[in-house]
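Notes follow once the structure below has been shown.
The values are calculated or read from the model by the stated rules, or taken from the named source; none is laboratory data. Remember, it's a predicted structure, so these values are computed and weren't measured experimentally. Cβ placement follows ideal geometry from the backbone for every residue including glycine, while neighbour counts extend to all protein chains displayed.
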Amino acid sequence: MTFDYDLFVIGGGSGGVRAARIAASEYGARVGLAEESRMGGTCVIRGCVPKKLMVFASQAEALATEARGYGWTTASAGPFDWVMFRHKLDAELTRLEGAYTGGLVAADVEIHKQRARLHDAHTVELADGTRVTAKHVLVATGGHPQRPGIPGEELGMISDDLFLMESLPGRVLVVGGGFIACEFATILAGLGAETVLTYRGDAVLRGFDEELRRHATEQLRVIGVELKLETTPAALEKDGDKIRVLWPDGSAEIYDAVMFATGRVPNTKGLGLAEAGVKLGRKGEVLVDEWSQSSVPSVFAVGDVTDRVNLTPVAIREGHSFADTVFGANPRKVDHRLVGSAVYVRPHEVATIGLTEEEAAAAGPHKVYLASFRPMRSIFAGSDARAVMKLLVDAETDKVVGCHIFGPEAGEMIQLVAIPMGMGASKADFDAAIAVHPTLAEEMVTMRRPVRHIGGAHADKTVGSA
Ligand SMILES: Cc1cc2nc3c(=O)[nH]c(=O)nc-3n(C[C@H](O)[C@H](O)[C@H](O)COP(=O)(O)OP(=O)(O)OC[C@H]3O[C@@H](n4cnc5c(N)ncnc54)[C@H](O)[C@@H]3O)c2cc1C
Ligand SMILES: NC(=O)c1ccc[n+]([C@@H]2O[C@H](COP(=O)([O-])OP(=O)(O)OC[C@H]3O[C@@H](n4cnc5c(N)ncnc54)[C@H](O)[C@@H]3O)[C@@H](O)[C@H]2O)c1
């Protein structure tokens with residue numbers, strides 16, 4: 001049977017663009033791609049990129065405060081011009097969108113600027129009714145924010161809206177305790193909004209190392225975020241041009257804006273997948289094997305739509321591996337076990353890779369190395385911001401199995417730690433590196449004695465100090 005394409009990709013985000021480009025440019029496949037919105041997807045248009053630029057913008061006042069501590073007695077960030085920033089942001093996103101489109105065009109990928117759905121195992125139907133056939137179909141449609149299912153929830157914003165606001169809210173409630181809630185609370189507080197974060201648990205960033213979670217939660221207060229923990233709004237109501245938030249205890253508060261960061265769900269609704277025999281999971285995610293292949297052999301899926309590890313570099317790696325495997329005769333699986341990530345909060349970033357202390361304790365005997373201190377940069381400036389660095393080491397093999405950092409540029413540090421950890425480095429390998437002084441990262445190679453032993457028969461809580 002002949003097909004219109006060797007590969008048809010639904011979704012022009014991180015995973016889809018990479019797969020399309022590699023299949024076409026490296027392996028000569030005839031590739032079509034449908035994107036219903038702006039090319040680049042969540043990361044480029046309404047995720048990582050605009051978010052990180054806003055994180056940079058939101059640091060100005062903190063940097064000015066630090067500068068005053070260093071003798072620049074009148075340093076001040078001055079007024080923030082949101083409209084000017086938004087115009088620059090829009091221009092930058094348009095530039096990036098063009099670069100993504102240009103990369104596909106250069107690779108001879110045929111772009112369809114419209115919505116697509118699966119008609120059958122080898123046929124894709126476009127929104128204008130056109131049907132195209134493909135030997136392989138890649139579903140790379142990502143996900144979208146979900147609201148919490150409370151009355152009046154339509155009055156609240158979702159993360160996509162943050163980048164489109166006409167003006168900054170005076171008083172804002174951020175709902176949630178995950179990556180997005182913490183980062184957006186940091187941004188809004190830094191840009192001058194009176195920011196309250198509410199989370200149903202007692203510490204943000206569930207799933208992260210407990211000690212880091214407690215630390216990050218407490219330090220959000222240092223940057224002026226008010227925390228309302230162990231509760232969540234019961235309903236929202238309109239109050240003139242403001243929003244009244246009703247709490248479960250019967251109290252009410254007025255905010256200029258409410259932002260829900262209550263998780264994301266895969267984009268599979270109306271995509272024709274189940275009808276074509278593609279098995280979906282509980283959240284609607286496409287169920288795939290280690291080759292990203294669905295229950296229908298010609299249909300593959302990568303990125304957030306599979307709800308494995310929902311990060312851009314993972315979607316890119318999955319897309320690339322799919323193209324290598326299916327079109328390059330170079331079978332490559334993605335190892336999802338050792339993936340680093342960072343949460344761009346202030347006063348410092350949280351970054352993590354490998355097992356948490358709780359996971360390590362459950363897995364067997366491990367040693368915990370810990371440094372918790374105020375960096376000299378903070379002390380001099382008169383700031384209370386603390387840093388924490390933790391290494392988890394297998395007591396039998398000496399292998400470093402987890403690293404958690406709360407510190408300036410922690411994301412940059414964890415990226416480099418990911419290399420020796422991926423190579424299976426031992427604590428002795430870390431110690432063999434001579435420190436670079438004075439840096440924060442030198443703690444990584446100078447933690448001599450474990451602070452405690454966890455897991456197994458010899459677990460304790462009080463051995464030595466860092
Ligand atoms: C606010 C925010 C901040 C984030 N920050 C980070 C970060 O700092 N670091 C990090 O690693 N990750 C971050 N992420 C996660 C990251 O953005 C995603 O993991 C990544 O974009 C997933 O890529 P993807 O290719 O799976 O999907 P997406 O990038 O979402 O791309 C899917 C594309 O498919 C299109 N589409 C959907 N349905 C159809 C259809 N039927 N027809 C045609 N087109 C369709 C969509 O319009 C979209 O462009 C962030 C996410 C958010 C929301
Ligand atoms: N820096 C980064 O790498 C980065 C940044 C942003 C997003 N991301 C990715 O995007 C994903 C989605 O981020 P997210 O923050 O939306 O999701 P998340 O799963 O990290 O957090 C969702 C939060 O909402 C809370 N929640 C869920 N339902 C709720 C309800 N009904 N009422 C009240 N609270 C509720 C959860 O308890 C949790 O704290 C992340 O898991 C991550 O993979 C990564």
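Filtering segment 415-446 down to residues that are among the aliphatic types (A, V, I, L, M) and in contact with a Gly (Cβ under 8 Å, 6 or more places away or on another chain), which residue is surrounded by the most Cβ atoms within 10 Å (Cβ to Cβ)?
As a first pass, look at segment 415-446 and keep what is among the aliphatic types (A, V, I, L, M): 416-419, 421, 423, 425, 428, 432-436, 440-441, 444-445.
Next, from what is left, pick out any that are in contact with a Gly (Cβ under 8 Å, 6 or more places away or on another chain): 417-418, 421, 440.
Numbers: V417: 25, A418: 17, M421: 21, L440: 20.
By that ranking, first place goes to V417.
So is E230 acidic (D, E), in contact with a helix residue (DSSP H, G or I) (Cβ under 8 Å, 6 or more places away or on another chain), more than 16 Å from ligand 1 (Cβ to nearest atom) and modelled with pLDDT of 95 or more or not?
For E230, the condition - acidic (D, E), in contact with a helix residue (DSSP H, G or I) (Cβ under 8 Å, 6 or more places away or on another chain), more than 16 Å from ligand 1 (Cβ to nearest atom) and modelled with pLDDT of 95 or more - is not met.
Pairs only if they're at least six apart or on different chains, beta carbon under 8 angstrom, first in segment 7-32 and touching a residue at least 24 places away in the same chain (Cβ under 8 Å) and under 17 Å from H122 (Cα atoms), second buried (at least 24 other Cβ atoms within 10 Å of the Cβ) and charged (D, E, K, R); list them, first residue then second.
Hits for this filter: G11/E35.
How do the pairs read when you match residues in segment 405-426 that are in the same structural domain as L391 (by TED's automatic domain parsing) with residues anywhere that are surrounded by 17 or more Cβ atoms within 10 Å (Cβ to Cβ) and of a type in the set (D, E), using Cβ under 6 Å and keeping only pairs 6 or more apart or on different chains?
Final answer for the pair search is A410/E349; G411/E349.
Considering segment 60-96 alone, what residues qualify as being closer than 30 Å to G142 by Cβ and buried (at least 19 other Cβ atoms within 10 Å of the Cβ)?
Across segment 60-96, the qualifying residue is only L93.
From A361, A329, grab the single residue that is in a helix (DSSP H, G or I) and away from ligand 1 (no atom under 13 Å from the Cβ).
A361
Is there any pair linking a residue in segment 84-97 that is more than 19 Å from T42 (Cβ to Cβ) to one that is part of a helix (DSSP H, G or I), with Cβ under 9 Å and at least six apart or on different chains, and which?
Filtered contacts from segment 84-97: F85/L53; F85/M54; F85/A57; K88/L53.
Which residue pairs have Cβ atoms under 8 Å apart, sit 6 or more places apart or on different chains, and have a first residue in segment 377-398 that is not assigned by TED's automatic domain parsing to the domain that holds R214 and a second that is among the basic types (K, R) and assigned to a loop (DSSP other than H, G, I, E, B)?
S378/R386; S383/R374; D384/R374; A385/R374; R386/R374; A387/R374
Wholly within segment 140-255, which strands (runs of 3 or more DSSP E) include no fewer than the required count, namely at least 1 residues that are more than 12 Å from ligand 2 (Cβ to nearest atom) and over 30 Å from S76 (Cα atoms)?
In segment 140-255, 235-239, 242-246, 252-255 are the strands (runs of 3 or more DSSP E) which contain 1 or more residues that are more than 12 Å from ligand 2 (Cβ to nearest atom) and over 30 Å from S76 (Cα atoms).
Applying the selection to segment 335-360, what residues are among the hydrophobic types (A, V, I, L, M, F, W, C) and surrounded by 19 or more Cβ atoms within 10 Å (Cβ to Cβ)?
A342, V343, V345, V350, A351, I353, L355, A360, listed by residue number.
Would you mention how many residues in segment 83-126 are part of a helix (DSSP H, G or I) and β-branched (V, I, T)?
4
Taking the criterion of being within 16 Å of ligand 2 (Cβ to nearest atom) and not aliphatic (A, V, I, L, M), would at least one residue in segment 64-82 satisfy it?
Taking segment 64-82 and keeping what is within 16 Å of ligand 2 (Cβ to nearest atom), we get none.
Within segment 64-82, not a single residue is within 16 Å of ligand 2 (Cβ to nearest atom) and not aliphatic (A, V, I, L, M).
Per-residue answers, yes or no, for (1) in the same structural domain as G281 (by TED's automatic domain parsing); (2) under 29 Å from V278 (Cβ atoms); (3) modelled with pLDDT of 95 or more:
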residue	(1), (2), (3)
A301	yes, yes, yes
A323	yes, yes, yes
H336	no, yes, yes
L355	no, no, yes
K367	no, no, yes
R374	no, no, no
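Conditions (1) within 15 Å of ligand 1 (Cβ to nearest atom); (2) assigned by TED's automatic domain parsing to the domain that holds F300; (3) in contact with a Lys or Arg (Cβ under 7 Å, 6 or more places away or on another chain), marked per residue:
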{"position": "L89", "(1), (2), (3)": "yes, yes, no"}
{"position": "A106", "(1), (2), (3)": "no, yes, no"}
{"position": "A116", "(1), (2), (3)": "yes, yes, no"}
{"position": "R131", "(1), (2), (3)": "yes, yes, no"}
{"position": "K135", "(1), (2), (3)": "no, yes, no"}
{"position": "M165", "(1), (2), (3)": "yes, no, no"}
{"position": "V172", "(1), (2), (3)": "no, no, no"}
{"position": "G190", "(1), (2), (3)": "no, no, yes"}
